[in-house]
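Below: one structure, written as structure tokens.
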Amino acid sequence: MERTVFRVLGAVGAERDGAAVALKGPRHRAVLARLIVARRRVVPVDRLVADLWEEPPPNAVGALRTFVGDLRRALEPERPPRAPARLLVTEGPGYVLRAAPGSVDARRFEDAVADAAALPPERALERLDAALALWRGPAYADFAGQEWCRGERARLTELLLHAVERRAETLLALGRAAEAVPDLDAHTAAHPWREHAWRLLALALYRTGRQADALAVLRRARASLADGLGLDPGPELRRLEAEILAQDPRLDGPAEPSVAAARLWARATEAYDRTVAAGARARLESTVGLLRNLAVTGGGGLAESREHRLAAVTAAEETGDAELTARVIGAFDVPALWTRADDPEAASRIVAAAERTLAALPPDASYEATRCRLLAAVAVEMRGTRSPRGPAAAREAEESARRLDDPALLAFALNGVFMQSCTRAGLAPVRDATGAELVALAARHGLVTYEVLGHLIRVQARAALADFAAADSHAAAADRLSGRHELPLVTVFTTGYAALRAAATATPAQAERAYRSLYAALDGCGMPGLTAGLIPLTRLSLTLRPGRRPPAACVDLAEDWGPYRPWVRPLTLLRAGRTEEAHAAVRSLPEPPADLMYEALCCLTAAAALELDDPALRATLAARLTPAAAELAGAASGFLTFGPTTTWTTALRG
């Protein structure tokens, strides 16, 4: 018997007999979502029109009927002509979706959480795991800014947070405190106002013998509540702190098995085996949705997300299902700002999987959105490379997203366009335009993380153009949104901008203080592609200018220069008086990678070329830097500057 199921815990969609139903454009999905929110109640036509359009067009009712007709054909393709619809039904003044009990993932989630409350711990854990596996992203993710689903989204999100905490309580009751720690750590980072979650995390740490860590967690909770809400911890947290300090025996739970770590690894392996098994498609997609949410927490969450994302993509490919693989790859549309990959090998493998999937998808138009997502993923993952495939994929994804008129898809595609906009110097105005479009698009459609991305892109671009007033405004907007929506990684970039601004406009002592704040923010942020080599490079940027030799300490190769080491080495050799070796090292350097450090690395090479007085090399570097003549060299990175580009081009042409 055929069965249609509806998904709202993530992007809105439907499946019929296990295959995705093609729902056409965003307005079709909006009609479906609005009817699901109504829970089998009639939604009048005038209410639907008001919810679908801020300013309804003259033919709004006719357009709505067209959407409904399209949905009926998609949901019941075998219904004979003129036969009454069974799912999307006209009733009285409007429409109602008569979804079968249990056919909506949100209802199944609610039922599973309610069932778990009355079950013994082992069975409750199974039900809670099944409930949480239904989530593929934020509820009604496509319509986050719509008033008609705001209440339902808030209700489901609150129930999700309750389920995560209830699962942790269940693990504690089973004597499996060590297994509860990782999820609770991520949960408190993402939702720092939930005092009960802080209590559970501290208790779990205490029960695994980590008393100092448990007390540190309670201090973090106190700081979060004070900084964010101006509140002191409630009696639950104060009492727990006193009990931990007293090592109160009432805190001891069931005995933790001595082989907890081994068992945890075994459970992870079993979960992976279940994931790749036949019939585990929903689990895979749910996993990627949760990983996407985990990635924006930064730190360990970001690292875990990267690791498990590749495993999910591999598992999806092993099923042989190209559509599933495309959804798993494309679902991880986490906004990306830094143009160097954190794990280049994993990025390369994801690109290869995306290319294989693109080749395997049917060529017909119904897969255009799927192909668009894959192309955007290719563009983002190929950041910092010089392959022509990256820019080509970005252009194709952008064109496709504009044709489809899908705001979320266009935001993802524009992220790919941004990632591929560092192929030469002087492209800050191009990136600024992309950032401006992202801000406007995301603000209109409630895509908060992309709105933040747009502001941060504009911070970088306006800083490159020495327009600090505009950059200040965008940095403040990004900080406001990050505080409101709990996006901790934003602070790394706005703190970096503050240091860059101080380096360009304040005293050396003030710049050094600002950079010390940045170094603290970088610690544990979980972005090795950003942090590798950045600290010594910022120190060098404070001292290196045309004709000015940096101190030996600023070009010490004993420092961890990460990917920038080849560009620093000639300066080190010159400082040591090894001129011939320095000349050979400079001549062997390739053109810098196509990333936000392009102009900065050109300046490092220019400094060596000026000291060596190599006319051919000086001409090459002057040509590379000239398109950025109106910019502060290196400031496009948002973290450092080597001063006005014109001082370098003038010296090079000298």
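Worth pointing out:
- Selected residue [surrounded by fewer than 18 Cβ atoms within 10 Å (Cβ to Cβ), at pLDDT below 90 and either farther than 29 Å from TYR367 by Cα or out of contact with any Gly (no Cβ under 6 Å at 6 or more places or on another chain) (or both)] from ARG86, ARG41, ARG47: ARG86
- Within the stretch 528-556, the residues that satisfy the criterion of being more than 24 Å from GLY654 (Cβ to Cβ), of a type outside the set (Asp, Glu), open to solvent by 30 Å² or more (accessible area, probe 1.4 Å) and touching a helix residue (DSSP H, G or I) at 6+ places or on another chain (Cβ under 8 Å) are THR531, ALA532, ILE535, ARG539, ALA552.
- The set of residues from the stretch 391-406 being in contact (Cβ under 8 Å) with a residue 40 or more places away in the chain and under 19 Å from PHE332 (Cα atoms) comprises just one member, ASP406.
- Checked against (1) farther than 29 Å from ASP46 by Cβ; (2) open to solvent by less than 20 Å² (accessible area, probe 1.4 Å); (3) of a type in the set (D, E, K, R), GLU76 passes all but condition (1).
- Being open to solvent by 50 Å² or more (accessible area, probe 1.4 Å), touching a helix residue (DSSP H, G or I) at 6+ places or on another chain (Cβ under 6 Å), basic (Lys, Arg) and not in a loop (DSSP other than H, G, I, E, B) holds for only one residue in ARG516, ARG480, ARG458, and it is ARG458.
- Complete set of residues in the stretch 183-225 that are open to solvent by 50 Å² or more (accessible area, probe 1.4 Å) and aliphatic (A, V, I, L, M): ALA212
- Against the criterion of being under 17 Å from the mean Cα position of the chain (by Cα) and without any contact (Cβ under 8 Å) to a residue 40 or more places away in the chain, ASP479 qualifies.
- Looking only at residues in the stretch 324-349 that are at pLDDT 90 or above and under 26 Å from ALA19 (Cβ atoms), the one that is surrounded by the most Cβ atoms within 10 Å (Cβ to Cβ) is ILE329.
- Scan of the stretch 359-381 for residues that are farther than 25 Å from MET419 by Cα and either crowded, with 24+ Cβ neighbours inside 10 Å or touching a residue at least 60 places away in the same chain (Cβ under 8 Å) (or both), ordered by number: SER366
- Considering residues of the stretch 525-539 that are touching a residue at least 40 places away in the same chain (Cβ under 8 Å) and assigned to a helix (DSSP H, G or I) only, the residue farthest from THR647 (Cα to Cα): PRO528
- Within the stretch 49-64, residues that are at negative phi sit with their Cβ atoms under 7 Å from residues that are in a helix (DSSP H, G or I) and open to solvent by 50 Å² or more (accessible area, probe 1.4 Å), at 6+ positions apart or across chains, in these pairs: VAL49/VAL61; LEU52/ARG27.
- Lone unmet requirement of (1) modelled with pLDDT of 85 or more; (2) buried (at least 17 other Cβ atoms within 10 Å of the Cβ) for ARG238: (2)
- Hits in the stretch 557-595 - residues which are among the acidic types (Asp, Glu) and either out of contact with any Pro (no Cβ under 8 Å at 6 or more places or on another chain) or buried (at least 21 other Cβ atoms within 10 Å of the Cβ) (or both): GLU580, GLU581, GLU591, ASP595
- VAL113 vs. criteria touching a His at 6+ places or on another chain (Cβ under 8 Å) and aliphatic (A, V, I, L, M): yes
- The set of residues from the stretch 595-618 being among the acidic types (Asp, Glu) and touching a residue at least 12 places away in the same chain (Cβ under 8 Å) comprises ASP595, GLU599, GLU611, ASP614.
- Residues being under 38 Å from the mean Cα position of the chain (by Cα) and either at pLDDT below 95 or not hydroxyl-bearing (Ser, Thr, Tyr) (or both) - total across the stretch 609-654: 22
- Just so you know, in the stretch 399-455 the residues that are among the hydroxyl-bearing types (Ser, Thr, Tyr) and open to solvent by 20 Å² or more (accessible area, probe 1.4 Å) include one that is farthest from ALA633 (Cα to Cα), and it is THR449.
- Residue list for the stretch 93-151, filter: over 30 Å from ARG47 (Cβ atoms), assigned to a helix (DSSP H, G or I) and open to solvent by 60 Å² or more (accessible area, probe 1.4 Å): ASP115, GLU122, ARG123, GLU126, ARG127, ASP129
- Neighbours by Cβ (under 6 Å, 6+ apart or cross-chain): first from the stretch 425-449, of a type outside the set (A, V, I, L, M); second surrounded by fewer than 20 Cβ atoms within 10 Å (Cβ to Cβ): GLY426/PRO627; HIS445/GLY145; HIS445/PRO407; GLY446/ALA144; GLY446/GLY145
- When residues of the stretch 16-32 are limited to those that are of a type in the set (A, V, I, L, M, F, W, C) and open to solvent by 30 Å² or more (accessible area, probe 1.4 Å), the one nearest to LEU410 (Cα to Cα): ALA22
- Single unsatisfied condition, GLU169 versus (1) crowded, with 20+ Cβ neighbours inside 10 Å; (2) part of a helix (DSSP H, G or I): (1)
- Among the residues making up the stretch 584-609, those that are among the aliphatic types (A, V, I, L, M) and under 15 Å from ARG569 (Cα atoms) are ALA584, ALA585, VAL586, LEU589, ALA600, LEU601, LEU604, ALA606, ALA607, ALA608, ALA609.
The values are calculated or read from the model by the stated rules, or taken from the named source; none is laboratory data. Small disclaimer: the values here were computed from a predicted structure and weren't measured. As a convention, Cβ positions derive from the backbone with ideal geometry for all residues, glycine included, and neighbour counts pool all protein chains shown. With ligands, DNA and RNA removed, areas are computed over all heavy atoms of the protein, side chains included. Shrake-Rupley method; radii C 1.70, N 1.55, O 1.52, S 1.80 Å.
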